[in-house]
Every structure is written in C-alpha cells, then in structure tokens.
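**Student:** Below is one structure. I have some questions about it.
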Amino acid sequence: MYELAIRGARIVDGSGAPAFFGDLAIENGRIAAMGAVGSAHREIDGRGLTLTPGFIDIHNHSDSSIWEAPAALNYIHQGVTTMLCGNCGNSFLETFAENRELPAREDTGFFARKMDELEALKRSNHMAMLVGHGTLRAQAVGMEDVTLTESDHEAMASLLRSALDAGAFGMSSGLIYDPGIFSTPEEVSRLCRIVGEYGGLYTTHMRNESDLMVDAFLEAVEAVRGTGARLEISHLKASGRQNFGLTKTLLNLMAYYRRFGMDISCDAYPENYCHTGLASCLPGWARARGAQGFKEMMQNPETRAKLIYELDHPATEWENILRDCTAEDTILSECRRQPEFQGKTLHQAAKAMGVHPWEAAIRLCEQDFSIAIVSGGVDEQENREIFLNPLSMFCSDGSAVAENPDYKPHPRNFRSFVKPLYDFVDKRNLLPLEQAVRKMTSMPAQKIGLWDRGLLRPGMRADLALIDTYALRCDSDYGDPFHYAQGVRYLWVDGVMTLEEGEYTGATAGRLLRRGRG
C-alpha cells in the first residue's frame, strides 16, 4: 500500500510527449508507480486536473533573500519546487552590501560555509547554487577596476575549485555589474576551463544585451570553447529598438555551435520589462569606486557633464540601458531613501526635480546608490519568438520576497511560471502545453545536472504539481505586485505536501541540492 496515490489526472510528464491519463503513487519521497496503481493510505482525486513535475527556475536570485522569505510563497504558489541561485556573477549578495568587508582571498572555505548555512535553513522548496564570478573577483582583488596578476588568477582559481567541491553546479557571470564589468575575456575563460574539468555549467549575463550583443555572445562562446563546460545564456533579450531582431541571430548561432558539440541554450522571463539597479546603468568608470567614490566624482562639474554626455549617446564599451529604454519607460521600483519617487518614471522624477532625466538619475544615485528600476526597451513579439525556439526555457530572474508595502518588486517574481501556461498556451495558443512544461522541468533539470528531477518516472524524486489549468491566473502587476498565483492546487516537494487546495501547509521539505551528492 502506497503512501499516496493521485488518481485519474492528465499527466504531462515533462518530456514533451503528449499528455496521457492515469495514476501516480508516491512512496518515501519518490515516484513509486505510474499508470494504474494499487491502493494507498491517502488518495487525491486528480480528475480534471493536470499533473506535472515541479517547475525548476534555472535563473533565480533567492540566495540574497531566502533568509527573509524562507517559505518562498511567491514561488511555491507558481509550482516551483527548485531554484538555481547565485546567478549574474553574484552569489550570496549580502557579501556586496555597502561598507561590508569582503572575506580574505585566502579564505577558500567562505563559499562552503555559506552553503552550510543555507543547508541548515528550513524552507519550502529546493535550492541549488552557482558560484558567482563577481564573488570570486571581489574576494580575490576587491570591487575596483584592477588588472589581475598571475597571483590574482591563481587565487580566483583556488576559490572556484573550493566552491565546486562544496557542491556548486558551476559558475555564473554578470559582465555589466561590478566587479564583472572590469574583467577580461581571458580571465573568464581561464575559470571556465576549471568549470569544464568538473563537468559544470557556465551561465552568463552577457557583457552587452544591446548594440554589442552579438560580440558579447561570441565572447561567451569563446569562454567555453574546448573546455567541456555547458553554456547557458541568461535572460536572452535585445535591449533598444535599434536591436530588435538580433535575438533570432543569436538563436541561429546557438544551433550552429551545437552542431559542433557545444552544449549551449538560453533562458528568458516572459516579461517586456527588466529589473536592475539604477547605478548599474552607469558606465563602469562612474561606479568603479562605489557609492562614496561616485559622490566625490560628481562634485566635479566637468566629470558630471561627461557622465550626462555619455548617458545621452550610444555606447561601445558598456551597455547604455537608460538610453535604450528611455526615461519615460524606466520606473523607479525601490526608493527607500526617497519614497516620494517610488513607482514614478525617471521622466516624472526629473520633472518633479526640474532637471534633465540624466541629471535626475545622478541625483538619485547620489542619495541612494542601491536604488532599483524596472525598465522597458524589449519587443513583445521578439520575446514570444524566443519562447517558441527549442533551445529556450523559462526563468524568473527573480527572488523569494516577503510582503513589504514600501517595495514594488517586478511581477516576474509572482507569475513567470504560470503566465506562460495561461497566456502563451491557453490564451494565445503559441505553445503546446507539453512543450511549455518541458521548458520548465526536464530541460532545466538536464541543463543543471539534476538527473533525478524534472520528469515523471518511477524512481524520480517526487517533486510534483497538480494544477487546475483553467483556473491559472496571477493578478500581480507593476503597480500592485503582491498577488500570489492561483491554480496550482497541490504541490509536493520530495513527496511532502507543501500546497493543499491552494494553501501553504507550512511544510519545510526544501533541501540544498549539491552537485555530485544526490
């Protein structure tokens, strides 16, 4: 007699194969049987519902927020049972907090200790970790723009090996962020060779997603060529109207390089607005010395005028996000020190100040270097074409969030894994349900290396979602984001019921998944 049986559900097994109807039994945290299964201590009527593997978010940032929101309610209500964190070059973001001392380069056990702390935290769903290239560089030489010595390279290599030995699934980079923006392609490539030795994953927020995005893509390809590392292009998009259509070029290049044995794919979030820091939209020289250094530089009128000039013109050495997205389409989403501008566009804030938008951006950063923005500049039709490509998968690029009326997080934190199902599949008929589910389950599981998850098969871990696909919705929006998704009726994490009739049970079955440790 099994612990639990789900009866008569429409089973979408994660492989992309057509759905079928049947039962599924759970025993000891694993799928015990499928098809027509025997009796069980508890039975769930799955008729009229769809049973899928738990969703896997391949691009997540909850390592910075899970301590405040361990239940990750915004994710479990979407059916997400596993989150790959440490993306965009930043793992354990509190390390980069303002005026916070970084661990010494000799402290090779830093990442392992943080992993142990994460493993001890009781939470609702699973997490897996990447080590950030930015974290390695910051620990080795700091956040400044410095040329690395051979000793520096060796220190970063030692830190990387320690993190991979501690169970990281690979390395991420964020080459528009500090300190990744100061890196060289050779520096990243040297580290990718080590990732390849471990059979690991290299994910990259490319050095440019705008005018130089093809060059940035080729840099990523060269970083992993011949190393054995698997390449994932993070949140693929083309920023700026002048670049619409370039993602098709990159997808074609992915298919080209795969012909020669390179494991390359991409992920994207189903939104037209990105979320980043306002200071991250400045050229590298303007943020090379951090918040205090920026204030000091801006005291010089000539330096201030230089920055305004650069923000107003196309860039060839950095990504000018504000110009691409425009001040009218840039929303100030987190203004803790200047709450009067919360939710306003940069254009509106500039009008209230009586200055040009780029001068307003400087003043805002002078007051709060950590201010966050939500900005447009991405084509909706192009985004849809990305998701139709067989080499793409869904992600959120978000994090677990605790309710805070003063914070306006991006809606992607609440709807990235249900919006494709009720919008792309049901409403627009762009994707078959089975293919959409594959892009959220088996495809990211295989890319990460989670070989016992992402498919419904006997012996696999019982990470499962039982969904009323006709009731799927999420009312989260840019001005009113704190609404949890609806329609996921039941959720099991390692066989433990975590959602029951759409309500969180309080279960804390989530584990830290480590490479090579099952």
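**Student:** Are there GluC sites (Glu not before Pro) in the range 471-518 that DSSP puts in a loop and that have at most 16 other Cβ atoms within 10 Å, and which ones?
**Tutor:** Those that pass, being in a loop and sparsely packed, are Glu501.
**Student:** Separate question: State in Å² the accessible area per residue of the chain; use a 1.4 Å probe, count heavy atoms of protein chains only, and round to the nearest integer. Mind dumping the intermediate values first?
**Tutor:** Numbers: 19310 Å² over 518 residues.
About 37 Å² of surface per residue is accessible.
**Student:** Oh, and also: If I model a spin label as a point 7 Å beyond the Cα along the Cα-Cβ vector, how far apart are those points for Arg113 and Glu340 in nm?
**Tutor:** Between Arg113 and Glu340, the simple spin-label model gives 4.3 nm.
**Student:** Kindly work out what percent of the DSSP beta bridges joining two residues of the range 1-87 are antiparallel, to the nearest 5.
**Tutor:** Around 50 percent antiparallel, to the nearest 5.
**Student:** Put +1 on the Cβ of each Lys and Arg and -1 on the Cβ of each Asp and Glu in the chain; which of Ala349, Ser210, Ala305 then has its Cα farthest toward the positive end of the dipole?
**Tutor:** Positive-most Cα among the choices belongs to Ser210.
**Student:** Can you pull out the trypsin sites (Lys or Arg not before Pro) in the range 108-148 that DSSP calls coil and that have at most 12 other Cβ atoms within 10 Å? Mind dumping the intermediate values first?
**Tutor:** Details: sites: Arg113, Lys114, Lys122, Arg123, Arg137; in loops: Lys122, Arg123.
Answer in residue order: Lys122.
**Student:** Can I ask one more? Across the Cα atoms of the range 18-112, what radius of gyration and what greatest pairwise Cα-Cα distance (Dmax) are found, in Å?
**Tutor:** Expressed in Å, the Cα Rg and Dmax of the range 18-112 come to 20.2, 60.
**Student:** For the charge dipole of the chain, defined by +1 on Lys and Arg C-beta atoms and -1 on Asp and Glu C-beta atoms about the Cα centroid, which residue among Leu491, Gln292, Cys85 has the Cα displaced farthest towards the positive pole?
**Tutor:** Leu491
**Student:** While we're looking at this one, here's another question. When Lys and Arg each count +1 and Asp and Glu each count -1, what net charge do the other residues less than 12 Å away from Arg161, Cβ to Cβ, add up to?
**Tutor:** Net charge around Arg161: -2.
**Student:** Sticking with this one: Using the Cα centre of the chain as the reference point, and only Cβ charges (+1 on K/R, -1 on D/E), how large is the resulting charge dipole? Debye, rounded to the nearest 20.
**Tutor:** Values: 53 positive and 70 negative charges, 230 e Å.
Taking the Cα centre of the chain as origin, the dipole is about 1100 debye.
**Student:** Now for a separate question. In whole angstrom, how long is each semi-axis of the equivalent ellipsoid of the range 259-376, when you take the square root of 5 times every eigenvalue of its Cα gyration tensor and sort them from largest down?
**Tutor:** 27, 19, 13
**Student:** In the range 295-346, what trypsin sites (Lys or Arg not before Pro) fall in a loop by DSSP, with at most 13 other Cβ atoms inside 10 Å?
**Tutor:** Arg336, Arg337
**Student:** Calculate the length of the line joining the C-alpha centroid of the range 2-38 to that of the range 129-153, in whole Å.
**Tutor:** 47
**Student:** If the only charges are +1 at each Lys and Arg Cβ and -1 at each Asp and Glu Cβ, what is the size of the charge dipole of the range 1-138 around the Cα centre, to the nearest 20 debye?
**Tutor:** Here the range 1-138 has a charge dipole of around 300 debye.
**Student:** Subtract the Cα-Cα distance of Glu328 and Arg304 from 0.36 nm times their separation in residues, and report this length gain in nm to one decimal.
**Tutor:** Answer, rounded to one decimal: 6.4 nm.
**Student:** Still on this model: Alpha carbons only, please: Rg and Dmax for the range 331-490, in angstrom.
**Tutor:** Cα-based Rg and Dmax for the range 331-490 come out at 19.3, 65 Å.
**Student:** Mind pulling the angle between the C-alpha long axis of helix 110-120 and the longest principal axis of the chain? Nearest 10 degrees, somewhere in 0 to 90.
**Tutor:** Rounded to the nearest ten degrees, it is 40.
**Student:** Can you send over the carbon and sulfur percentage of the accessible area for the chain, probe radius 1.4 Å, protein chains only? Spell out each step's value before the answer.
**Tutor:** Details: 9350 of 19310 Å².
Answer for the chain is 48 percent, counting heavy atoms of protein chains only.
**Student:** Between Gln367 and Asp406, take the C-beta separation as r, use R0 = 25 Å, and let me know the FRET efficiency to the nearest 0.05.
**Tutor:** The computed FRET efficiency comes out at 0.95.
**Student:** Under the 0.36 nm per residue contour assumption, what length would be gained going from the current alpha-carbon distance of Gln242 and Arg473 to full extension?
**Tutor:** Once the chain is fully extended between Gln242 and Arg473, it gains 79.8 nm.
The values are calculated or read from the model by the stated rules, or taken from the named source; none is laboratory data. For clarity, every value in this text was computed on a predicted model and none was experimentally measured. Methodologically, a virtual Cβ is constructed for each residue, glycine included, from the backbone with ideal geometry; neighbour enumeration extends over all protein chains shown. For accessibility, only protein heavy atoms count, side chains too; no ligands or nucleic acids. Shrake-Rupley method; radii C 1.70, N 1.55, O 1.52, S 1.80 Å.
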